[in-house]
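In what follows, a single structure is set out as structure tokens and then discussed.
The values are calculated or read from the model by the stated rules, or taken from the named source; none is laboratory data. The structure presented is a predicted model; accordingly, all values stated were derived computationally and were not measured. Counting neighbours? That spans all protein chains shown, and the Cβs are built from the backbone with ideal geometry, glycine included.
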């Protein structure tokens, strides 16, 4: 096992790093990182249905799609992300890895319980959500650790309008809490991460290592090609229908808008033709601008 700790808070770079390690490296890796404020949606989710888009635009919260399935999660500098990437086994090791995370928290005095969806609970409130991605030869298991997250932002960013219909995977909503809430005088998030790193460095008898310059260049290319593009983060959303009131020429129209690959492709019959010409064929993001 190799231990890598990211030196950046860029969510797009860190997600690109996960994919790079999964597809381009052949060793087992435990990767820790802390992202700037962002919403990370599952591979098969509808971004418009999972995210409070106006709030995220207002607060400068990036919306990025990851490789793995599962639900949408909120990240900021009070959240720690872990990612185990190993060769593929006959049976996924996600339960074993999550137990290791539990053991590391135990050494810090934080006692958790596992849920049915491979999540962790602290006093009946969720602190960890996880997801798994498997290729022909490799597997990736990653998750969050809510330590000192701005919970008001988490709730607002992950509370979208309920006027979307479609077949995308929907998030399962849970009551969440911060680990810091139990021990207000506890270390800062970086200090807490250092404690986790120390545990795993001792467990695997290794020291943290850095990505090489060549690896960072390749990850940056992947970041720009995939994780920073509208085509990946928004156009990958499954086909859906959105009910939206649109103001146009001082009148309001309650429209049903068909969205496919992130683009408005159909409008209800009550939409005036000039307004249809403005909307059809354009990105659905326009609805929030």
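Can you pull out the residues in the stretch 69-85 that are surrounded by fewer than 22 Cβ atoms within 10 Å (Cβ to Cβ), farther than 21 Å from residue 156 by Cβ and modelled with pLDDT of 95 or more?
Hits for the stretch 69-85: nothing passes.
If I filter the stretch 14-26 down to residues being part of a helix (DSSP H, G or I) and touching a strand residue (DSSP E or B) at 6+ places or on another chain (Cβ under 9 Å), which single residue comes out as surrounded by the fewest Cβ atoms within 10 Å (Cβ to Cβ)?
It comes out as 23.
Would you point out which residue out of 118, 126 is modelled with pLDDT of 90 or more, part of a loop (DSSP other than H, G, I, E, B) and either assigned by TED's automatic domain parsing to the domain that holds residue 62 or farther than 23 Å from residue 31 by Cβ (or both)?
118
If I ask for residues that are more than 24 Å from residue 70 (Cα to Cα), modelled with pLDDT under 90 and assigned to a loop (DSSP other than H, G, I, E, B), which ones from the stretch 250-289 would you list?
Hits for the stretch 250-289 are 250, 289.
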